[in-house]
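Note sheet for the following structure.
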Amino acid sequence: MNRNRSVAPDSSPWAVDAEGLQKRFRETHAVDGVSLRVERGSVFGLLGPNGAGKTTVVRMLTTLLSPDAGRAVVAGFDVVKEPREVRRRIGLVGQYASVDELLTGRQNLRMLGRLYGLSSKDARARAEELLEHFDLVDAASKIAKTYSGGMRRRLDLAASLVLAPPVLFLDEPTTGLDPRSRAATWEVIDTLTKDGTTVILTTQYLEEADQFADRIAVIDKGRMIAEGTPAQLKAKVAKATVIIRGSEHITPQAALALVGTLGTGVPTIAEDEVRIAVDDIEHAGAILSTLAAAGVSLDDVSFTQASLDDVFFQLTGRTEASGAQEGAPQ
């Protein structure tokens, strides 16, 4: 895939360099002093509950909103002083497909190429290149509204890359997709990052951030409350999690009352199980001994390594990132 990009006018290693970003919507402080740095060619995840401020941060970094305070440089250009230069060097994929449903996939990409200033010849060539790259050649002549969810998302990604931007913002890129389409979308994103594209994403799927993000920032109530690699964030919470499943031997509520104080973090009840974070084998052993003494079958107990779900709960008090659409303020 040809990636003739504009080169940022500096030698900074940061694709995004933001400091003290603030944004208010009337009485709501949607973003309150967020600072972050994203290394070129990496995947950076923004996690947080619904309304935490993730999408507002993305909108400021992509020049869709002006910050009330703070500064941000994206691809080497200031988002307030040089918004046009920033927009020339970024791609943005929102939570919903933004292509024209009444045009074919090929027509969508050609039209965008012309709108971006490409010649008719170059727009046609770029459209064909993207259709092949995103495995859409067979569907290129079909109207976009007939596409499946996964095909529409791939077309949306292709549309955001007509000018091969060095920085790509993905706001909930796989929301609503089936597992196969999610996997296909991430294969494409993985190819882009290997080719040098920097990706900043928000996602409701914590396992995606765990697997694909090089670094993660957790935002809650407009503030960044943690930042690091997935491994660093998980190390702050616990080494592992003891899971006690409800059964004929014990209910989740009874298990919580019995061993809820033996872990190292706040235990949670999710569906029909209790999850208790532990830092070492002694904590886990104490939980098992207490359960055995109470006559609970240890077949109802399992262990897992600490996950971003555990991190998310410990940091925000919520069991998962919300998949609901965020509207301003957020």
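A few points about this structure:
- 29 Å Cα-Cα threshold exceeded, pairs from 54/142; 23/81; 145/221: 54/142; 145/221
- Scaled radius of gyration (Cα, divided by 2.2 N^0.38 Å) that the range 1-133 gives: 1.21
- To the nearest ten degrees, helix 179-194 and the longest principal axis of the Cα atoms of the chain are 60 degrees apart.
- Residue 142-residue 282 pseudo-label distance in nm [points 7 Å out on the Cα-to-Cβ vector]: 6.1
- Taking each residue as 0.36 nm, the span from residue 257 to residue 26 lengthens on full extension beyond its C-alpha to C-alpha distance by 78.8 nm.
- For the chain, relative contact order (Cα pairs under 8 Å, six or more residues apart, normalised by length) works out to 22 percent.
- Per the Debye calculation on the range 59-130 with a single equal scatterer at every Cα and no solvent contribution, log₁₀ I(q)/I(0) for q = 0.25 Å⁻¹ amounts to -1.06.
- Volume of the convex hull of the range 130-246 (Cα atoms only), normalised per residue: 159 Å³.
- Length-normalised contact order for the range 28-145 - Cα pairs under 8 Å, 6+ apart - percent: 17
- With 0.36 nm allotted per residue and the present C-alpha distance subtracted, the residue 243-residue 221 stretch has 5.0 nm of extension available.
- Stokes-Einstein D for the chain, Kirkwood Rh over Cα pairs, 10 °C, 1.306 mPa s (µm²/s): 74
- Translational D in µm²/s for the range 199-322 (Stokes-Einstein at 25 °C, 0.890 mPa s, Kirkwood Rh from C-alpha pairs): 161
- Carbon and sulfur %, accessible surface of the chain computed with the full protein complex present, 1.4 Å: 48
- For residue 172, distant residues with modelled amide H under 5 Å away: 202, 203
- Per residue of the chain, the DSSP helices (runs of n ≥ 4 H) give a summed -39500 (n - 2.57) that works out to -10000 deg cm²/dmol at 222 nm.
- Proximal aspartates and glutamates relative to residue 236, as straight alpha-carbon distance under 19 Å, when same-chain residues fewer than 8 apart are discounted: 207, 210, 214, 220, 227, 279, 280, 282, 309, 310, 320
- Table column - 3J(HN,Hα) (Hz), the range 254-263, Karplus curve with 6.51, -1.76, 1.60, x for Gly and Pro: 5, 5, 5, 5, 7, 10, x, 9, 8, x
- Rough spin-label spacing in nm, given labels placed 7 Å along Cα→Cβ, for residue 19 and residue 270: 3.8
- Under a 5 Å amide H cut-off, with hydrogens placed 1.01 Å from N, residue 219 pairs with 47, 48, 225 among residues at least 5 apart or on other chains.
- Couplings 3J(HN,Hα) for the range 116-126, derived from phi with the Karplus relation 6.51 cos²θ - 1.76 cosθ + 1.60 (θ = phi - 60°), are 7, x, 6, 5, 4, 5, 5, 5, 5, 5, 5 Hz, where x marks Gly and Pro.
- Placing pseudo-labels 7 Å out from each Cα toward the beta carbon at residue 50 and residue 84 gives an inter-label distance of 4.0 nm.
- Per residue, the chain exposes 47 Å² of solvent-accessible protein surface, assessed with a 1.4 angstrom probe and all protein chains in place.
- In order through the range 307-313: 3J(HN,Hα) via Karplus (6.51 cos²θ - 1.76 cosθ + 1.60), integer Hz, x for Gly, Pro: 10, 5, 4, 5, 4, 4, 5
- Between residue 298 and residue 11, full extension at 0.36 nm per residue minus the direct alpha carbon distance yields a gain of 97.6 nm.
- Interchain or long-range residues, amide H under 5 Å from residue 239's placed H: 278, 279
- For peptides 43-53, 290-300, 123-133, sequence by mean Cβ density within 10 Å, most packed first: 43-53, 123-133, 290-300
The values are calculated or read from the model by the stated rules, or taken from the named source; none is laboratory data. Quick caveat, the model's predicted, so the values are computed rather than measured. Methodologically, a virtual Cβ is constructed for each residue, glycine included, from the backbone with ideal geometry; neighbour enumeration extends over all protein chains shown. These area figures cover heavy atoms from the full protein model, side chains too; ligands, DNA and RNA do not enter into them. Shrake-Rupley method; radii C 1.70, N 1.55, O 1.52, S 1.80 Å.
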